[in-house]
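Pasting a structure here, questions to come.
The values are calculated or read from the model by the stated rules, or taken from the named source; none is laboratory data. Since the structure is predicted, the reported quantities are computational estimates derived from the model, not experimental observations. Here the Cβ positions follow ideal geometry from the backbone for every residue, glycine too, while neighbour counts run over all protein chains shown.
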Amino acid sequence: MTARRQAALAFIFVTVLLDMLALGLIAPVLAPLVVSFYGGDTARAAEIYGVAFTLFAAMQFVASPVLGALSDRFGRRPIVLLSNLGLGLDYVLMALAPNVGWLLVGRVLSGVTSASITAAGAYVADVTPEERRAAGFGMIGAAFGLGFVLGPALGGLLGSLGPRVPFWVAAALSLVNAAYGFFVLPESLPPERRAGFAWRRANPVGALVILRGRPVLRGLASMMFLRHVAHAALPSTFVLYATYRYGWNQRAVGLALAGVGVGSLIVQGAVVAPFVRRFGDVATLLWGLGFGAVGFAVYGLAATGAVFCVGIVLLSLWGLSWAASQGLMTRNVGPSEQGRLQGMDGGLRGIADLVGPGLFTLTFAHFIRAQGNGDLPGAPFLLAAGLQVAALAIAWWVTRPRPAAASAAT
């Protein structure tokens, strides 16, 4: 790999890191800011806070396929840079928001611009050979983990200076990143490998057309959807579960979340590449899903906080499956379709983010109402474990070795 491409991949890493860092920066102050708009009415603020997250997920669902298709038509560079610019201006808008309405507009724009992850993923597929793509996507996963660790911590510190300060810092990071990328980021998709743009393929439903006639890709996409849904159990019920079952305070919960982020960072940044080199993409995918199923089961059954922490280690290894699945999926489409593929996956993630939180919080509420008679607060995580078992079965089926004649028939 040339030094120029290494620099480009480093920029993509920084882009994803800053996206996650910016989201993490505002996490500790967004809810208090909404509460302040309602004069301390926490109940009303909680309703609007839920609307804000729904809007964010809905816009990612709509925008991911569009940005992916646009990157196939015009190249990855302009989409990544415009998304960084838009995200920075969006945080300026939220920093200046005089009321909840403007803040919700900001969340809509955040959902659109944060969907730049689709173009970033396509960029990695463009510049890395097939056998190294899992490691490339592991790099993106490491950026997610690092942003997850640093963002909320830094946001909490900056929030002590004022609830709008983290928004200004997030804006500055995104705008500086856009300016830096303008000078150093080369285009990864040459004109001769680009595809035409059509709205019928760029909407969330039309994006699924890419699965037609590709049974292996359909299976991998189904597996990824189950994985995305299971992931929603973490942000939606982690804090509720830990405080209810273990009596953890904010400090303990914060340390546990930091542990999750550190574990993800280590696995994506240091474990994925050697694991794939030693065992291959398929084995890495299957092992990762297996670790995910066991990790979620430990979460749901752990009687003590110490045992729960063992689950954090196991669930960190679940990250093997994401990088490996991305590497496998990119092999099933052509160079001019990588953006559409990432957009399709982003759309699936958006659907999961719309249905998953409600599914797991309602499951949690149902099983703790039993009040000791069948009380099972870990039910959401056991449900997530079941989803991973199903995902593992699908992944094994579509990646199993086939006789040459059968492979040709599919």
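Select from the range 197-218 the residues that are of a type outside the set (A, V, I, L, M) and more than 27 Å from A58 (Cβ to Cβ) and write down the one among them that is modelled with the highest pLDDT.
Across the range 197-218, the extreme among qualifying residues is P215.
Follow-up question, since we're still on this one. Working only within the range 143-167, note down all residues that are surrounded by 20 or more Cβ atoms within 10 Å (Cβ to Cβ) and more than 25 Å from S264 (Cα to Cα).
G159, P163, F167 - these are the residues of the range 143-167 that are surrounded by 20 or more Cβ atoms within 10 Å (Cβ to Cβ) and more than 25 Å from S264 (Cα to Cα).
A further question on this structure: Which condition number in (1) assigned by TED's automatic domain parsing to the domain that holds G88; (2) under 22 Å from L109 (Cα atoms); (3) not charged (D, E, K, R) is the one that V149 fails?
In the conditions (1) assigned by TED's automatic domain parsing to the domain that holds G88; (2) under 22 Å from L109 (Cα atoms); (3) not charged (D, E, K, R), V149 misses (2) alone.
Would you point out which residue out of L301, L314, L286, L320 is out of contact with any strand residue (DSSP E or B) (no Cβ under 8 Å at 6 or more places or on another chain), at pLDDT 90 or above and under 16 Å from G219 (Cα atoms)? Talk me through it step by step, then tell me what you get.
Working: L301 fails: under 16 Å from G219 (Cα atoms); L314 fails: under 16 Å from G219 (Cα atoms); L320 fails: under 16 Å from G219 (Cα atoms).
Just one listed residue meets the conditions, L286.
Just the residues that are β-branched (V, I, T) and at pLDDT 75 or above, please, taken from the range 32-46. Break it down into steps so the answer makes sense when it comes.
We begin by selecting, within the range 32-46, every residue β-branched (V, I, T); these are 34-35, 42.
Within the range 32-46, V34, V35 qualify.
For the range 334-384, which positions are farther than 23 Å from A242 by Cα and assigned to a loop (DSSP other than H, G, I, E, B)?
G334
Would you mind telling me which numbered condition in (1) aliphatic (A, V, I, L, M); (2) surrounded by fewer than 21 Cβ atoms within 10 Å (Cβ to Cβ); (3) under 23 Å from L23 (Cα atoms) I140 fails?
Of (1) aliphatic (A, V, I, L, M); (2) surrounded by fewer than 21 Cβ atoms within 10 Å (Cβ to Cβ); (3) under 23 Å from L23 (Cα atoms), only one is false for I140: (2).
Right, another one. So which pairs qualify, if the first residue must be in the range 100-125 and more than 16 Å from R76 (Cα to Cα), the second must be not in a helix (DSSP H, G or I), the Cβ gap must be under 9 Å, and the two must be at least 6 apart or on different chains?
Here the result reads V100/Y38; L103/A97; L104/A97; V105/A97; G106/A97, each pair linking the range 100-125 to a residue that is not in a helix (DSSP H, G or I).
Considering V310, V355, which residue is among the β-branched types (V, I, T) and farther than 19 Å from Q268 by Cα? Don't jump to the end; show me each part of the working.
On the way: V310 fails: farther than 19 Å from Q268 by Cα.
Only one candidate passes the filter, namely V355.
To keep it simple, each residue is scored yes or no on (1) modelled with pLDDT under 80; (2) in contact with a Gly (Cβ under 8 Å, 6 or more places away or on another chain).
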position: A27; (1), (2): yes, yes
position: L30; (1), (2): yes, no
position: L55; (1), (2): no, yes
position: L81; (1), (2): no, yes
position: V92; (1), (2): no, no
